[in-house]
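The values are calculated or read from the model by the stated rules, or taken from the named source; none is laboratory data. Bear in mind that the values here come from a model prediction, so they are computed numbers and not experimental data. Counting neighbours? That spans all protein chains shown, and the Cβs are built from the backbone with ideal geometry, glycine included. Heads up: the accessible areas ignore ligands, DNA and RNA and are worked out on the full protein's heavy atoms, side chains in. Shrake-Rupley method; radii C 1.70, N 1.55, O 1.52, S 1.80 Å.
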Amino acid sequence: MDLKQNYFQLFSIPVSFDIDLAELKSAYLELQRNLHPDRFAHSTANDKLLSMQMSSHVNEAMDVLLSPVRRAAYLLELLGHSVDFEVNIAMEPEFLMEQMELRELLEAVKTAPDPEACLNQFMARIDQQSEKLFTEFNEIYNGCLQTQAKKRADQSTLLEQAEMCVRKMQFMNKLQLEAGRVEEELLDY
């Protein structure tokens, strides 16, 4: 195994936002079966260390590819465009207003007459919006690939659009996590 391979090469899957999760999981299990440090218990210290590094690399690759947000950011990184979530935080005002509205709705779930039904509606809305963002990112990313050989300026604009899409996906992911916490709170009552 070459630690310099990108994560898609590592699992022998196509470089794409849309991935076959079953194929990914199968490749992951095969790699872990062959690289797991337990298989090298009686090997040299160097082989044990190498096994641990490789296994850790495979785990990190799996974590990135399983997460749509991290996968999208990684794809942009492969195109030479880093997404730094801490530095560039500018967002469209309409999107930020929608985020505030969604957070208020999530807070209102706790006091709703039927909090479970309200939460289910909220989660369905978040899932639907996330799917739209996934589709939008995929279209922009594919556009980036098509312009890669053409005008660099076109690709730069598309990369910025893709980055904005990834940032929105991150917001939606945080909302999904918060909704999960609200669900746990409701179950504890």
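When you look at Leu133, is it open to solvent by less than 20 Å² (accessible area, probe 1.4 Å) and modelled with pLDDT of 95 or more, yes or no? Break it down into steps so the answer makes sense when it comes.
Values: open to solvent by less than 20 Å² (accessible area, probe 1.4 Å): yes; modelled with pLDDT of 95 or more: yes.
Taking the combined requirement at face value, the residue satisfies it.
For the range 52-84, residues that are of a type in the set (Val, Ile, Thr) and without any contact (Cβ under 8 Å) to a residue 40 or more places away in the chain total 0.
Close contacts from the range 139-167, counting a first residue that is modelled with pLDDT under 80 and a second that is open to solvent by 60 Å² or more (accessible area, probe 1.4 Å) and in a helix (DSSP H, G or I), with Cβ to Cβ under 8 Å and a gap of 6+ residues or different chains, come to Thr147/Asp154.
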